[in-house]
Amino acid sequence: MSLIADLRKALGDAAVLEGEAMGARPASDMSLTGTALPRALLRPRSTADLAAALRLCNAAGVPVIAQGGMTGLAGGANPSGNEIAISLERMRGIEEVDTASATMVVKAGTPLEECQRAAAEAGLFLALDLGSRGSCTIGGNLSTNAGGIRVIRYGMAREQVLGLEAVLADGTIVSSMNRMLKNNAGYDLKHLFIGSEGTLGVITRAVLRLHPPPGEITTTLCAVESYEQVVALLRRAQAALGGIVAFEAMWRDYFSFNAEALQLRFFEAEHAFCVIVESTMAQDAIEEFLGACLEDGLITDALVAASHAQSRQVWSVREGHPTESLPNLLNFDVSLPIGQIGHYAEACTSALKARWPDAHVSFYGHVGDSNVHICVSALYGPGEDMHSVDDIVYGVLGPYHGSISAEHGIGTLKRPYLHLSRSPAELALMRTLKQALDPRGILNPGKVI
Ligand code: MLT
Ligand code: ZN
């Protein structure tokens, strides 16, 4: 194939891997739903390399797919077999931390944790944080508009970006490396590339916004007996504790299952909800707050993590299921108005259990951001598959006017359901943008729209 030869000529042989040399990694993200390897894997060293590669692929009409840390959960970086995958792994590194403007300039292939560390070393704080921080990369975080555990205080990935550089399908480099908090000079083009999952351009560099360090974070675990009280706890904690930097609720089935698997026990009794509240207030103020909540019956038990290790233990229960004991495990990521999440969880559980009485169904997540994750593990009968579960989870969501994707993106897995969360006019405008930026349809085809 002459395209591969042209790519080798333009980027050098070492930047073009084929066959076994690619390894298994480019086949699937963490949804583990990808089954095909790409035609070839490119490893450009620079934006100019990447632009040259896209120019060649566009001219040949060959689809491309940008890949970061492969930690996505929606199949957005999975090849279907005929694409050229572009790994950003060699476009890695922090170019600059500017303490005066509280910004950092990073290359797209830099792991999130490396960026967090560099910000901290400069006495600043990068607010984006998620469980896969060690392997996910900034390019992937921005192209999926990642959420994570600090959204309640600092917003999603989009809110951490001041400027961006991206390469369009035809190889045009759009450098929009703004460093100012205010810049209303025309359209804010960076938002075309943030959250569009590589379908409108490939992000290559970013100017990230940094914050003052939040100070000492104290982790507490609160036992709560109703969803209404979970919401009441959120609002009361926000009013009384100022700096709430995380608020994560775990429904009983989620908490008990994980705590048991990890052989951890935090409270004497089981509770309907266990809620992680993190705050930067002084510990005695937090203890006073919890005491008042206990007295009023808003919470029934509470634990203040006495050490970083104990905080990690609490988070380990939150961070995931031992998948081996849960066949066909699916992980959903929906959002809906905060006050209605409790009803939705009940209705969704009833509908799933009516179909599969023995199914594992559990809820957890960033309730303070109106976002809840759902774990479903069911043994399918004849004619059933994961879409049978999708139909129920999204079907029950419909009347709540929620979103089928709060933070994980659409990728391939949720594409058939996008119309449930976007109107015909919104979908038409998305197609207009796609056509304008990528007329030959080479960028991550089959994803999102
Ligand atoms: C999380 O909140 O832990 C992530 O979004 C990943 C997940 O849904 O499992
Ligand atoms: Zn999440």
Stretch gain in nm, segment Arg158-Arg312, where the contour uses 0.36 nm per residue and the Cα spacing is subtracted: 52.7 nm
Quick one: Lys107, Lys9, fewest Cβ neighbours within 10 Å first, how do they rank? Lys9, Lys107
Dipole of the chain, positive end: most advanced residue of Ser279, Gly297, Asn331 [Cβ charges, Cα centre]: Asn331
Net charge over other residues, Cβ less than 12 angstrom from the Cβ of Gly201 (K, R count +1; D, E count -1): -2
Between Ser175 and Glu96, the FRET efficiency computed from the C-beta separation at R0 = 22 Å comes out, to the nearest 0.05, as 0.90
By how many nm would the segment from Ala5 to Leu32 lengthen if fully extended, with 0.36 nm per residue of separation less the alpha-carbon distance? 6.6 nm
How big is the dipole moment of the chain about its Cα centre under a simple scheme where the beta carbon of each Lys and Arg is +1, that of each Asp and Glu is -1, and everything else is neutral? Debye, nearest 20, please. 1740
Provide Rg and Dmax in Å for the range 319-449, with only Cα atoms included in the calculation. 16.1, 49
Given a cut-off of under 8 Å on Cα pairs at least six residues apart, what relative contact order in percent is computed for the chain? 15
Cβ-based exposure ranking for Phe289, Phe332, in which fewest neighbours within 10 Å come first: Phe289, Phe332
Quick calc: nm separation of the 7 Å Cα→Cβ label points for Ala436 and Asp358 -> 5.4
With a 10 Å Cβ neighbour count serving as the proxy for reagent exposure, in which order, fewest first, do Trp251, Trp315 appear? Trp315, Trp251
Along the charge dipole of the chain, which of His211, Ser196, Thr71 sits closest to the positive end, that is, farthest toward it, with unit charges on the beta carbon of Lys, Arg, Asp and Glu (+1, +1, -1, -1)? Ser196
Please determine, in degrees from 0 to 90 and to the nearest 10, the orientation of helix 308-318 with respect to the longest principal axis defined by the Cα atoms of the chain, where the helix direction is its Cα long axis. 80
Could you calculate the contour length gain from Gln283 to Glu426, that is, 0.36 nm times the residue separation minus the distance between their Cα atoms, to one decimal place in nm? 46.8 nm
Straight-distance crosslink candidates among lysines, where the alpha carbon sits under 19 Å from Lys447 and sequence neighbours closer than 8 are dropped: Lys414, Lys434
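Coordinate-derived values only; no laboratory data. Please read these numbers as outputs of a predicted model, since none were measured by experiment. With ideal geometry, Cβ positions are generated from the backbone for all residues, glycine too; neighbour counts draw on all protein chains shown.
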